[in-house]
Structure formats: structure tokens, C-alpha cells
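The values are calculated or read from the model by the stated rules, or taken from the named source; none is laboratory data. Because the structure is predicted, anything quoted here is derived from the model rather than measured. When we count neighbours, we look across all protein chains shown, and the Cβ atoms used for this are built from the backbone with ideal geometry, even at glycine.
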């Protein structure tokens, strides 16, 4: 695969913005890393369903829960967050997939937050009540619970998210989970093999039984001069003719080689494609501009729409479009650029019945507030 041609220039899009959930001033008021699904079908209006890691205190803490929120009026109003998952260790990066009918699949991964600075520094918090809450949170993060629950997970609902199955293990993780291939009634999961080791690759796995069992399809070859530890958080879209296109977050990691040594920007994206349903992939190619992690869908017009967080000033959410299945990209469409800082992003989109795009993400509404769940509704330029 040749390197995609990218035009990256910032310009605004026609958009309106709103709030899914904001709890400023609450100890458990932080929300992050959302995904969205639309449960409608032709001639049958549906709901917007958003999942996220929420009712937590910070970007890293022991409290994360998977929450679900719904809107029956295309995002103008939302119900309160419902906890659908609260394992003893931190639940992060929730994905949601509509499987047709009343079926939903939720995915997430867990983290042993004892490895991070917060496990030591929370004792220095000035609020004794906050210290006590952190003490209680970290008591749940025991060796036994980490052995039992550390990993990448999925849950199924057959009643539009009212009740959920017990968790079952997934072989890889990605912020927005797998995609559904309705013509094949299968799931395709492009993700990173779940482990804290540094040499795990981006792989494609397939399930033909609603995520209960998975079969390895193929592994994405690395760009020359890079290492697997620099690759994270991919997303994939299905194209006509059994083809797939994957976008992958890349960034420097630890004391390993630097991306700059091979001309790749830190916190950017790589692209890979498959022409055989994910069994073989082209060598990952850099897109060459700041912004990540990706989420990509194919609009009914045939345009590929990828959204990503932008963590340089002015901070915000951006999009890029391709009208030739990823051979060229027109990047830099600014959905919004009013983020107070770089703790934002992980946008994900769905197409609404009128062809507009509905994108969800997390971002602070104002300096000093915890991160909230926000939305942008916009039109293709």
C-alpha cells in the first residue's frame, strides 16, 4: 500500500453542540472515552445510545464504571446515566455496537490503577472525605480481583440495554470496540492484544456467535523503524468487496525509539487496509499530522468520515473525509476548538436518518470542571 495523500488544513464545519451529561462539582463527576450507536433502521426511528466510563473522579482512579445514556429525540435530551458495569477495578473505554432488533454489545477494558501515581498521591489530597473514598476504592483493587478481572471484556443485551449478560473475555481491546458486519452477521474487532507487555500487536479478530468466541484473522505489519509499543487504539470500517480500512493511534512510548526518527508525528495516526476480510493487512502507513485516536464510519453517500481528538492549542475535536476509500484524506475540519486543555477527545460518530452526523466525545466545558460527555451534530461539508 502506498502512503495516503493527506491535505490537513483547519476550517470550521456547520455544527450545533450540546451536553449528554455534566456533573460539575460532584466528586464522581468525571466522564470519559464514550461511544455511540443508533438503534434505528429504514422506516423505523431509533434511539441514540451512548456508553462511557463515568461516575469517576479523574482520568486515572480506581472508580471507573461503565455507564449508559439514551436519547429518543436525536440527542436533544438525555436520560440520567445508568451503571451497566462496575467491576472491582477501573472500567475504561466503553464501546457500544447495535446488532439489530433489540441487541446491543458493550465492550470495555480494565486497569490495575495501583501502577499509577494516584495510588500514592491521593493521600496528599486536602479533603479527608476524598482520601477516605480513595482508600475504599483501592481496597477493591486487590491481587485477587486483578487476577480475576484484568483484561478486555464484552457484555450482551437482548432488550435494548435494560439487562445485560455476565461479562465474557475479548482477545483485544480498542476504545470503541468491534464493528458489526450485518450481511455476514459477524463482528470484526481490530484491536491491541490486551497485556501490559510492550510487544503486543494490532490484530483483527472475528466472531460469528455474538462475541462469545473469537478467531484470529490477521496482524497489521509495522511501519519500518517503529515498534509495536507505539501502536494503540485502532478503529476499522468495512468497505465494499470484503475490504476493510483501519486507522491506528501512534505515539512514543517509554524509553523506546522515537517516532520522529522515522518522520512520524507523536500522537498521530497510521492507516492499514485489508482486501480479504482481515486475514492480511498492508503495512501501516503514517497520515502525518497531529490528532488521535480515530473513529471511522462510511456515510450513506460513500464518504469515509473519521473523527479524532486534537490535543494542541486550540484544543478540540476534528474530522477528516475521504471520497476514495482512504487513498486521499481531507483533514482538519474543526468540530469545535474550545477545550480548556488536552484532556479530551475519543470522538465517535453515527449517521442520523437525515444524513447528518452525530459525534460524541469527552471534554471539559470550562477550566476547573471535570470532563463531561458532549455532542456535536454536523453536516458533511
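Structure above, values below:
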read-out	value
Test: residue in region 116-129 that is under 26 Å from residue 172 (Cβ atoms) and assigned to a strand (DSSP E or B)	no
Any hit, region 72-81, residues being in a strand (DSSP E or B), touching a strand residue (DSSP E or B) at 6+ places or on another chain (Cβ under 7 Å) and either under 23 Å from residue 362 (Cβ atoms) or not assigned by TED's automatic domain parsing to the domain that holds residue 52 (or both)	no
Residue among 277, 302, 254, 241 that is at positive phi and buried (at least 17 other Cβ atoms within 10 Å of the Cβ)	277
Subset tally (residues that are in contact (Cβ under 8 Å) with a residue 40 or more places away in the chain and surrounded by fewer than 23 Cβ atoms within 10 Å (Cβ to Cβ)) for region 351-365	7
Criterion: closer than 26 Å to residue 108 by Cβ, part of a loop (DSSP other than H, G, I, E, B) and not assigned by TED's automatic domain parsing to the domain that holds residue 361 - qualifying residue of 278, 309, 302, 256	278
Hey, residue 87 in the same structural domain as residue 167 (by TED's automatic domain parsing) and in a loop (DSSP other than H, G, I, E, B) or not	yes
Residue that is at pLDDT 95 or above and either surrounded by fewer than 18 Cβ atoms within 10 Å (Cβ to Cβ) or not assigned by TED's automatic domain parsing to the domain that holds residue 69 (or both), where the choices are 34, 24	24
